[in-house]
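Rule-based calculations on the coordinates, nothing more; no lab input. These numbers were taken from a predicted model, which means no experiment stands behind them. Cβ atoms come from the backbone with ideal geometry, glycine included; neighbour counts cover every protein chain shown.
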Amino acid sequence: MKRIFGYLLLIISGFIAYQSYLNSQPSPEIEAMSKAKACAEAEGCEIKGDRPHVLQTSITARRYQWETSGGSMVVTCEREYLWFGEWSCSGAPGQLAY
């Protein structure tokens, strides 16, 4: 029984490590989602530049700072469930620390 539990724990740990690695890698698709969200709620808003001004990634989320005509916007993108599920983004005015 201990051996089965040990193997199960090893498999779960490997899955979490792999998904954490994938979550921390920049992705053009998620960047495009964040760019769309940066100006989604403001009428007449324009994004300055093709790339985010600042990008921060972690094992649970990606944060983008976009420079817009209305000021800096921070967009946070996270998975529906911690290591799996669909990505969703939410935006707020502000700046990320370098």
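Structural remarks
- Qualifying positions in the range 15-35 - in contact (Cβ under 8 Å) with a residue 24 or more places away in the chain and of a type in the set (A, V, I, L, M): Ile16, Ile30, Met33
- Scan of the range 4-48 for residues that are surrounded by 12 or more Cβ atoms within 10 Å (Cβ to Cβ) and under 13 Å from Gly91 (Cβ atoms), ordered by number: Met33, Ser34, Lys35, Ala36, Lys37, Ala38, Cys39, Ala40, Ala42, Cys45, Ile47
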